[in-house]
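Heads up, the thing below is written out as structure tokens.
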Amino acid sequence: MNAYGAAAAALLLSVCAFARTVPSPEMIDLPGGTFRMGSDSGGEDEKPLREVTVGPFAIGRYEVTVAEFAAFAEAVNLKQDGGCRYYAGDQRLSDPARTFSNIGHAQTARHPVVCVSYDEAVRYAAWLSKQASARYRLPTEAEWEYAARAGTLDEAQWSDPALACLYANVSDRSREAAVKAGRFENNTNIPNAFSAFPCVDGAIATAAVGGRIANAFGLYDMLGNAWEMTSGCFEFEKDAAGAATVKCLRQAARGGSWLLSPPFIRYANRGSIQHDHRNFTIGFRLVRELQ
Ligand SMILES: [Ca+2]
């Protein structure tokens, strides 16, 4: 075997070993392009509607799952001190017993991982990159919104809220019934907290990924299910003069979650999380850079 053959064989062995040992996210290559990002009719932080260009990249077909994150957690012996945040009426509480594997609600290996911090998501991407000899990372906000829109200028995959449950796990009638029966947490800080989409998606918390209709790029759950953390900054700490940015206080998350009602489940809507906080509505999806 010549040097080229030996190198190719080594690469093949490496790829096979990676596929065998690490449950890595399934990725879809996107061509990149120019799209219209944001909204002129949404929140101030969504404005203005503007043209943005992103290069080609690959992105997870699904949100990162419990099984995928668990492989990392086991490999690095991850300790999740500090608990995970959840809601009880107008209270935002942190339960020290909640972790990604114990979010306070039933979940399977195919559910989106939540109760993970931004720091942990970044660490997972770095670990996966090393295993795969590829560069995985969180998407920028522009990459996320380009992938989510998949060419549409609409606010979501549906125009009729009654059809939302075909495309996304949202705050639906089944969750609303559980809340009204006092069997479930609700966040009453959210305007419209007790309203729901007028349909039934069958999930009162997170749902296994890929259970609904994909977008035009073949990506599932870009809206609803778990909020998806991005590398974008939602709020900066400024210097004393209020001019220069010192550091990011809150990372931007996109897509909304199973907890949210109209009008929060939209491509342009933005949420946030502190880098070391965990929340039972917030997970992530990875990008893999293309050579
Ligand atoms: Ca739901």
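Bear in mind that the values in this text are calculations on the coordinates, not laboratory data. Here the structure is a predicted model, which means the values were calculated and not measured. Here the Cβ positions follow ideal geometry from the backbone for every residue, glycine too, while neighbour counts run over all protein chains shown.
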TODO: Starting from the Cα coordinates of segment 119-259, work out the convex hull volume and express it per residue in Å³.
DONE: 164
TODO: May I ask you to order 98-106, 63-71 by the average number of other C-beta atoms within 10 Å around their residues, highest value first?
DONE: 63-71, 98-106
Open item on the list: Quick check on the chain: helices-only [θ] at 222 nm, where DSSP H runs of length 4 and up contribute -39,500 (n - 2.57) each and the sum goes over total residues. Nearest 500, please.
Closed with: -6500 deg cm²/dmol
Open item on the list: If every alpha-carbon in segment 202-291 counts as one equal scatterer, what log10 I(q)/I(0) does Debye give at q = 0.12, 0.20, 0.23 1/Å?
Closed with: -0.44, -0.99, -1.18
Task: Ranking of CYS199, CYS165, CYS115 by count of other Cβ atoms within 10 Å, fewest first - done: CYS199, CYS165, CYS115
Open item on the list: Please report the net charge: other residues with Cβ closer than 11 Å to the Cβ of TRP144, K and R +1, D and E -1.
Closed with: 0
- [ ] Give, rounded to the nearest 20 debye, the magnitude of the charge dipole that segment 137-291 has about its Cα centre when Lys and Arg contribute +1 at Cβ and Asp and Glu contribute -1 at Cβ.
- [x] 260
Open item on the list: I need the peptides 33-45, 206-218, 49-61 ranked by packing, meaning the mean over residues of other C-beta atoms within 10 angstrom, with the highest value on top.
Closed with: 206-218, 49-61, 33-45
TODO: Count the net charge of all other residues whose Cβ sits under 12 Å from the Cβ of GLU120, scoring Lys and Arg as +1 and Asp and Glu as -1.
DONE: 0
Task: Degrees separating the helix 66-75 axis from the principal Cα axis of the chain, which is the longest one - done: 50
Task: Listed peptides 147-158, 123-134 by packing density, highest first (mean Cβ within 10 Å) - done: 147-158, 123-134
Open item on the list: For Cα pairs less than 8 Å apart in space and 6+ apart in sequence, what is the mean separation divided by the residue count of the chain, i.e. the relative contact order in percent?
Closed with: 24
- [ ] Could you tally the net charge around ASN189, taking each other residue with its Cβ under 9 Å from the Cβ of ASN189, Lys/Arg +1 and Asp/Glu -1?
- [x] 0
TODO: Please give the length that would be gained between ASN77 and ASP154 if that part of the chain were fully extended, namely 0.36 nm times their separation in residues minus their C-alpha to C-alpha distance (nm, one decimal).
DONE: 23.4 nm
Open item on the list: Kirkwood Rh over alpha-carbon pairs of the chain, then Stokes-Einstein at 25 °C and 0.890 mPa s: what D in µm² s⁻¹, rounded to an integer?
Closed with: 124
